[in-house]
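For reference, the structure is listed below as structure tokens.
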Amino acid sequence: MTTPQTILKNTFGYDTFRPHQREVIENILARRDTLAIMPTGGGKSLCYQIPALLFEGLTVVVSPLIALMKDQVEQLRAAGVPALFLNSTLAPETYAANMEHIRRGEVKLLYVAPETLLTPRIFSLLDALKVDLITIDEAHCISEWGHDFRPEYRQLVDVRRRYPKAVCLALTATATPRVRADITRSLGFSQSNEFVASFNRDNLYIEVAPKSDPVKQTVRLLERFKEQSGIIYCFSRKQVDELAATLAQKGYSVRPYHAGLEDDARRRNQEAFIRDDVQIMVATIAFGMGINKPNVRFVIHYDLPKSIEGYYQEIGRAGRDGLPAHCLLLYSYGDVAKLKYFIDQKEGEERKVAIQHLDAIVRYAEEQTHCRRKPLLTYFGENYSTPKCQNCDNCTAAPPVLVDVTIQAQKFMSCVKRTGEKFGAGHVIDVLRGSKGEKVLKYEHEKLSTYGIGADLTEKQWMHLAKQLIQMGYIKQDGEFRTLSISEMGMNALRKRSVILGQLQEVEERPRNKEVRQTELEYNKALFALLRQKRKELADAAGVPPYVIFSDRTLVEMATYYPQSPESLLEMSGVGQVKLNQYGDDFLKVIRPYCQSHKLAAKAKLQEKAEKREKSDAGRRYMIVAEAYNGGDSVMALMKRYSVTAGTILDHLARYASTGNSLRRGDDLLALSSASPDEQKAAFAAFDELGTAFLKPVFDKLGEKIDYDELKILRLLYLSQSGL
């Protein structure tokens, strides 16, 4: 019997589903239009790839990026899945051949760009086929409130109308509650079919450092990741070219990437990076969206990103294999001014949205006290309650050495007050330092008593102090011009001359008081290097990126557990049956002699980590719901409390029961069912034979006569009556 679980293991080589994958897949198989928000590297692709292999007809995947299509198709074909893409990079004869394969029903997944899909040629092709699933990847492109709005995405609503029998799945990694609501409204989805996984990527070490000597700071991090893959993001094309040239002169394996390069040069550079022929890519934000290279060990933001969504998506390109990765953002007030200049060229709503995005990323970058993850996840509507993640600069930094800055703080706040609380920090600092600038003279601020009283500190020192006063709550910063005003707390401090402690110098690299939280297996580095070499040989021979053969995660597990038989190799994450048949012998020929010469025995692979991750899914909401139900709450009451459908509550209860817990036999469950006694008996017999993990096999066994909503109720009745 083919089920999502068997496809997960046999085709893709994974033992357990990641958070929300199982629920999304079930929802799609039940033919419910679904919005799934999952972090980059959270396993979005499997949410449509597994249903595609269970549906009879074609799955169409809409993606805005040619690189992503090629990447996904290569990986699917390596796993034995018939997939193709249609886009402008294909030669006419290849395009025609692909069309013919699709027409003959030889393809399960078709990847297309929205502009390709919205053509008479493709509509004519699809009209003659059974389209079971339409997947819209990067769905945030639908929303004008998203950071990457694309007008052609709005037209995808017409595609849904054209193929009304196809279920629709919208996927994205970056969507605030406002963007999610916009996607749902645009596509006509029900909010009850929205699944939001945690945005937290706990394997990423997140750091923000004041930009002092950016080349030196960049090189310092590169030295920690020798011969490892990484991306450095710059604001401008010129900066990309200059930094790439500087790093190349220093002996680093590096290439540039930006829209100003010739298409062929850009494609060659990207291909070299993906295939591990080049370690470092210096790029504008034009690079990386949809690149599924899992072994990116670091991402550096050389300049301030334009938004938190963009920043989150870009750091999300690190550590997709689940292994530790480092994300460094270099921040300076000069970057803020530069972005503000470009925003000022915009008008109306576009300008307003850009300012809101800039304000959010500036607040994030300037936060030096609380865990980095908290504001990042709060921005996406997620409550992150862990006080310290122990995997960001703020959580691992030693307590700062504070000095008495009362006099300097008094001077600054007095100047804010005397300039009328109508200006930003830059102007206040100009007055304090005695500037003869046009703006100072225009407002006659050279006549103020605070003019020139701060010449003893540099502009950088005053700016650093201003940030601290804002963070401590003495000063408020509001509006698109980031105007400063004194808070009630600040006024009290001025009147009482309260002692204020802070720092006058920014620390380029803060000392750490604790080790970074370890998220990596203890593996044999020498064996890993040999396996990596073998993977590169096989990849080059096949003309594909190395990670299409196996990810770093798979090689790390091989170098941890020393599998020496085909059966034990199948236990490694990412090793499915097709890949075992294709590459198993090649890797065993590396592992066996190494283990023999070093007297290493195979180890059993433990499932603790996967089980722990499974338990953390959705904050164990299913446990809370089920315990409330056992405590006497009705299904209806739980629906109202959590603002979800009956189906969602039934899913939670079924999951609780299927993990060995007992459920009370409430009459309200029986009252929800409309099945006849014969239908109930037939369903129970099907559950006896096929189990309760997935409903599609039962749905098929019963000749599709009992719908999924009814089957959810019958499954619960079955579980509660059988005491399972």
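The values are calculated or read from the model by the stated rules, or taken from the named source; none is laboratory data. Small disclaimer: the values here were computed from a predicted structure and weren't measured. Quick reminder, even Gly has a Cβ in these numbers, built from the backbone with ideal geometry, and neighbours come from all protein chains shown. Side chains are part of the model used for accessible areas, which takes the heavy atoms of the whole protein and leaves out ligands, DNA and RNA. Shrake-Rupley method; radii C 1.70, N 1.55, O 1.52, S 1.80 Å.
Counting DSSP beta bridges with both partners in the chain, what percentage is antiparallel, nearest 5?
10 percent
At 20 °C and a viscosity of 1.002 mPa s, what translational diffusion coefficient does Stokes-Einstein give for the range 310-457, taking Rh as the Kirkwood radius over Cα pairs? Give it in µm²/s as a whole number.
Here the translational diffusion coefficient equals 115 µm²/s.
Any idea what the relative contact order of the range 49-194 is, in percent, if you count C-alpha pairs under 8 Å spaced at least 6 apart?
26 percent
Based on the Cβ-Cβ distance of N581 and D456, what FRET efficiency does E = 1/(1 + (r/R0)^6) give at R0 = 56 Å, to the nearest 0.05?
Approximately 0.15, to the nearest 0.05.
Take the cross-link list K436/K467; K388/K422; K165/K640; K374/K476 and give me the ones stretching past 27 Å between alpha-carbons. Present the calculation step by step, with values, prior to reporting the outcome.
On the way: K436/K467 24 Å; K388/K422 37 Å; K165/K640 30 Å; K374/K476 21 Å.
Cα-Cα > 27 Å for K388/K422; K165/K640; rest within.
Where only protein heavy atoms count, and the probe is 1.4 Å, what is the accessible area per residue for the chain in Å²?
Details: 31780 Å² over 724 residues.
Heavy-atom SASA per residue in the chain reads 44 Å².
What order do you get for 26-33, 450-457, 14-21 when each peptide is scored by the mean count of other beta carbon atoms within 10 Å, highest first?
Per-residue mean Cβ counts within 10 Å order the peptides as 26-33, 14-21, 450-457.
Set the Förster radius R0 to 51 Å, insert the Cβ-Cβ distance between E446 and E152 as r into 1/(1 + (r/R0)^6), and round the FRET efficiency to 0.05.
Working: r = 54 Å, r/R0 = 1.07.
Efficiency, from the Cβ-Cβ distance: 0.40.
In nm, give the distance between the simple-model label positions of A128 and D540, each being 7 Å from the Cα along the Cα-to-Cβ direction.
4.4 nm
What angle, in degrees between 0 and 90 and rounded to the nearest 10, separates the Cα long axis of helix 621-630 from the longest principal axis of the Cα atoms of the chain?
With both axes taken from Cα atoms, the answer is about 60 degrees.
Determine the share of the chain's accessible area contributed by carbon and sulfur atoms, expressed in whole percent, with a 1.4 angstrom probe.
Carbon and sulfur: 51 percent of the exposed surface of the chain.
On a full-extension model of 0.36 nm per residue, what is the gain between A91 and K226, subtracting their alpha-carbon distance, rounded to one decimal in nm? Show your work: numbers first, answer last.
Working: separation 135, 0.36 × 135 = 48.60 nm, distance 3.86 nm.
So the extension gain works out to 44.7 nm.
Working out 0.36 nm times the residue gap between R641 and Q505, then minus their Cα-Cα distance, what length gain in nm do you get to one decimal? Show your work: numbers first, answer last.
Numbers: separation 136, 0.36 × 136 = 48.96 nm, distance 5.04 nm.
This chain segment gains 43.9 nm when fully extended.
Between K250 and D15, what is the label-to-label distance in nm when each label sits 7 Å out along the Cα-to-Cβ direction?
Output for this residue pair reads 4.2 nm.
What does the extension gain come out to for E262 and H370, with contour length at 0.36 nm per residue minus their alpha carbon separation?
So the chain would gain 34.5 nm between E262 and H370.
Show log10 I(q)/I(0) for the range 293-391 at q = 0.13 Å⁻¹, two decimals, from a solvent-free Debye sum over equal Cα scatterers.
-0.52
What is the calculated FRET efficiency for R495 to E350, with r their C-beta to C-beta distance and R₀ = 45 Å, to the nearest 0.05?
Details: r = 43 Å, r/R0 = 0.96.
Given R0 = 45 Å and the Cβ-Cβ separation, E is 0.55.
When N is the residue count of the range 197-247, what does its C-alpha Rg come to as a fraction of 2.2 N^0.38 Å? Don't skip to the answer; put the middle values down first.
Values: Rg = 13.4 Å, N = 51, 2.2 N^0.38 = 9.8 Å.
Here the answer is 1.37, to two decimals.
For the chain, what Kirkwood radius comes out of the mean inverse Cα-Cα distance, in Å?
Radius from the Kirkwood sum: 28.5 Å.
Starting from the Cα of Q390, step 7 Å along the direction of its Cβ; do the same at A337; then give the gap between the two resulting points in nm.
Label at Q390, label at A337, 4.2 nm between them.
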